[in-house]
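The values are calculated or read from the model by the stated rules, or taken from the named source; none is laboratory data. Everything numeric here is computed off the predicted structure, so don't read it as measured data. Backbone-built Cβ (ideal geometry, glycine too); neighbour counts: all protein chains shown. Accessible surface areas use protein heavy atoms only, side chains included; no ligands, DNA or RNA. Shrake-Rupley method; radii C 1.70, N 1.55, O 1.52, S 1.80 Å.
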Amino acid sequence: MIPRWKEARELFEALIDLDIEAQDARLDELRSTDPELAGIVQDLISMDLAANGEPGDTAPAGRAAEGSSERRIVGRFYLRHRIATGRLSSVWAAARNDGAFEQEVAIKL
């Protein structure tokens, strides 16, 4: 069992349905006061995203290895926030990432 499981689980449940900006802001706050707990919660979020079929790269769950302002990327789009979750997939609000033009879409993963 993970040390501090109850505390980590409560934070995970509070953060998992927030959009990425809100998640990152809360994790940044937590890193400044309790880096160990922030790391556990970040790992739980990453595992949840991996289990839901999120694309990955060298960092967990498609997040950049450094800097919380980086976003999860799918092709030319960055994932903004989860809209819905079903048994086999999740639907995410996403925005065009390449600067060619502005476009918002829903992506099912």
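The set of residues in region 3-23 that are among the hydrophobic types (A, V, I, L, M, F, W, C) and within 18 Å of Ile83 (Cβ to Cβ) comprises Leu15, Ile16, Leu18, Ile20, Ala22. Once region 19-71 is narrowed to residues that are in a loop (DSSP other than H, G, I, E, B), in contact with a strand residue (DSSP E or B) (Cβ under 7 Å, 6 or more places away or on another chain) and at pLDDT below 75, the residue that is farthest from Ala94 (Cα to Cα) is Asn52. Got at least one residue in region 87-104 being among the hydroxyl-bearing types (Ser, Thr, Tyr), farther than 14 Å from Gln23 by Cβ and either modelled with pLDDT of 80 or more or in contact with a strand residue (DSSP E or B) (Cβ under 6 Å, 6 or more places away or on another chain) (or both)? Checking region 87-104: at least one residue is among the hydroxyl-bearing types (Ser, Thr, Tyr), farther than 14 Å from Gln23 by Cβ and either modelled with pLDDT of 80 or more or in contact with a strand residue (DSSP E or B) (Cβ under 6 Å, 6 or more places away or on another chain) (or both). Screening Arg76 against (1) open to solvent by less than 70 Å² (accessible area, probe 1.4 Å); (2) modelled with pLDDT under 80; (3) more than 15 Å from the chain's Cα centre (by Cα) leaves a single unmet condition, (1).
Restricting to region 25-49, name every residue that is small (Gly, Ala, Ser) and within 29 Å of Leu109 (Cα to Cα).
Taking region 25-49 as the starting set, the residues that turn out to be small (Gly, Ala, Ser) are 25, 32, 38-39, 46.
Matches in region 25-49: Ala25, Ala38, Gly39, Ser46.
Taking region 4-25 as the range and being open to solvent by 40 Å² or more (accessible area, probe 1.4 Å) and over 12 Å from the mean Cα position of the chain (by Cα) as the test, the residues that pass are Arg4, Trp5, Lys6, Glu7, Arg9, Glu10, Glu13, Ala14.
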